[in-house]
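The values are calculated or read from the model by the stated rules, or taken from the named source; none is laboratory data. A quick note: this is a predicted structure, and the numbers were derived from the prediction, not measured. Glycine gets a Cβ as well: all are built from the backbone with ideal geometry, and neighbour counts include every protein chain shown. Please note that ligands, DNA and RNA were not included when accessible areas were found on the heavy atoms of the full protein model with its side chains. Shrake-Rupley method; radii C 1.70, N 1.55, O 1.52, S 1.80 Å.
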Amino acid sequence: MTLADATVQSGRHGPPGGPGDKRSGRINRNAGTWFLVLPALIPILILSVGPLLYGIALAFTDAQSGRTRSTQWVGVLNFQDLLHDGLFWESFRIGLVWAVGVTVPQFVLALGLALLLNENLRMRWLARALAIIPWAMPEVVVGIMWRLVYNPDAGILNETIRDLGLGDGRDWLTGLATALPAVILVGVWAGMPQTTVALLAGLQNTPHELHEAAALDGAGAWRRFRTVTWPALRPVALSITALNFIWNFNAFALVYVLTNGGPGGRTRLPMLFAYEEAFRYGQFGYAAAMGCVMVAVISVILAVYLAGRLRGGEDR
């Protein structure tokens with residue numbers, strides 16, 4: 001190769017460190033990033049995105065149980081039937097009552113517990129360990145345990161009521177007026193630890209110097225909480241509250257073990273209703289349409305939440 005040819009080739013590809021090398025380096029970095037992300041991305045695509053898309057497609061068919069039955073495309077017929085299904089919308093109302101009834105007390109109690117565990121108490125490590133025990137228990141185990149607590153004959157709750165002379169107790173999980181409040185109480189107890197852990201982490205990230213400065217200025221406990229603790233804790237509080245609402249609205253196992261949707265449908269959450277339509281009555285297409293409606297509702301809630309977070313970030 002002559003010197004002129006080398007010069008032309010060098011000029012064509014650019015000098016070392018020029019735009020060509022930067023572009024090549026960027027491509028290599030992107031390839032390396034995808035190589036690292038791919039092992040986590042593939043299970044998500046197979047186990048989450050794939051079933052979601054299949055469920056959406058199934059909602060536009062008349063799919064039912066039975067090997068010999070053919071599946072036909074019915075368009076939006078399932079959604080039209082769903083609009084006039086009073087039982088589904090009643091379960092939807094119960095689901096909203098359940099989600100709000102669990103999420104709000106869960107947050108309030110978890111905030112108080114997090115503030116307590118953030119103090120310099122003796123044996124604080126033991127208290128923190130005991131506080132997360134319900135979180136470590138499977139929902140099925142929690143449901144079985146609380147069924148024993150609510151047992152009308154030998155449950156600890158009714159035994160305590162009898163010992164205190166407050167009456168003979170009652171069947172909490174089969175009473176029309178008490179079933180939903182009793183289940184909500186279990187939901188609050190079971191979900192409070194994860195909220196407590198999230199809020200406690202937020203409290204520990206708040207600079208202690210800000211509390212000391214506010215105390216030197218004469219601020220009391222409530223004023224310090226309102227002006228120092230809550231502004232620092234608000235992003236965590238909003239995040240965990242939104243996630244809790246979504247998790248609670250989609251609850252299934254705990255209520256299924258406790259009441260199976262009874263009595264008289266008083267605790268039939270939307271997920272339980274869809275489960276019954278699919279696996280008790282074999283109406284897979286109709287149940288998939290219910291799932292699509294619930295996904296749409298959760299998507300709207302997430303959109304409102306994210307819009308609020310972005311607006312809050314711009315204001316700051």
Q) Quick one: would you say A296 is open to solvent by 40 Å² or more (accessible area, probe 1.4 Å), part of a helix (DSSP H, G or I), under 14 Å from F92 (Cβ atoms) and aliphatic (A, V, I, L, M)? A) yes
Q | Counted residues, the range 163-219 - those being of a type in the set (G, A, S), over 20 Å from L109 (Cα atoms) and in contact with a helix residue (DSSP H, G or I) (Cβ under 9 Å, 6 or more places away or on another chain) | A | 8
Q: Determine if the range 59-75 includes at least one residue that is assigned to a helix (DSSP H, G or I), open to solvent by 80 Å² or more (accessible area, probe 1.4 Å) and out of contact with any Phe, Trp or Tyr (no Cβ under 9 Å at 6 or more places or on another chain).
A: no
Q) Can you name the number of the only condition in (1) within 29 Å of A201 (Cβ to Cβ); (2) modelled with pLDDT of 90 or more; (3) among the polar types (S, T, N, Q) that N151 fails? A) (1)
Q: Note down all Cβ pairs under 6 Å where the first residue falls in the range 215-237 and is touching a residue at least 24 places away in the same chain (Cβ under 8 Å) and within 16 Å of Q204 (Cα to Cα), the second is assigned to a helix (DSSP H, G or I) and not polar (S, T, N, Q), and they're at least six residues apart or on different chains.
A: L233/G202; V236/A198; V236/G202
**Q.** the range 160-173, residues that are in contact with a Ser or Thr (Cβ under 8 Å, 6 or more places away or on another chain) and open to solvent by 80 Å² or more (accessible area, probe 1.4 Å)
**A.** R170
Q | Qualifying residue in the range 270-285 (condition: among the hydrophobic types (A, V, I, L, M, F, W, C), touching a residue at least 12 places away in the same chain (Cβ under 8 Å) and over 27 Å from V141 (Cβ atoms)) | A | yes
Q: Could you please find all residues in the range 97-115 being in contact with a Phe, Trp or Tyr (Cβ under 8 Å, 6 or more places away or on another chain) and within 12 Å of A242 (Cα to Cα)?
A: A99, V100, T103
Q: Sort through Y275, Y281 and tell me the only one that's of a type in the set (F, W, Y), assigned to a loop (DSSP other than H, G, I, E, B) and within 26 Å of D62 (Cα to Cα).
A: Y281
Q) So which helices (runs of 4 or more DSSP H) are wholly in the range 180-267 and hold at least 3 residues that are buried (at least 20 other Cβ atoms within 10 Å of the Cβ)? A) 230-249, 253-258
Q. In the range 192-209, is there at least one residue being over 30 Å from N250 (Cβ atoms) and in contact with a Lys or Arg (Cβ under 7 Å, 6 or more places away or on another chain)?
A. no
Q: Go through the range 76-144 and tell me which helices (runs of 4 or more DSSP H), entirely inside it, have 2 or more residues that are crowded, with 18+ Cβ neighbours inside 10 Å and of a type in the set (G, A, S).
A: 86-117
Q. What about L157, is it touching a Phe, Trp or Tyr at 6+ places or on another chain (Cβ under 7 Å), surrounded by fewer than 21 Cβ atoms within 10 Å (Cβ to Cβ) and in a helix (DSSP H, G or I)?
A. yes
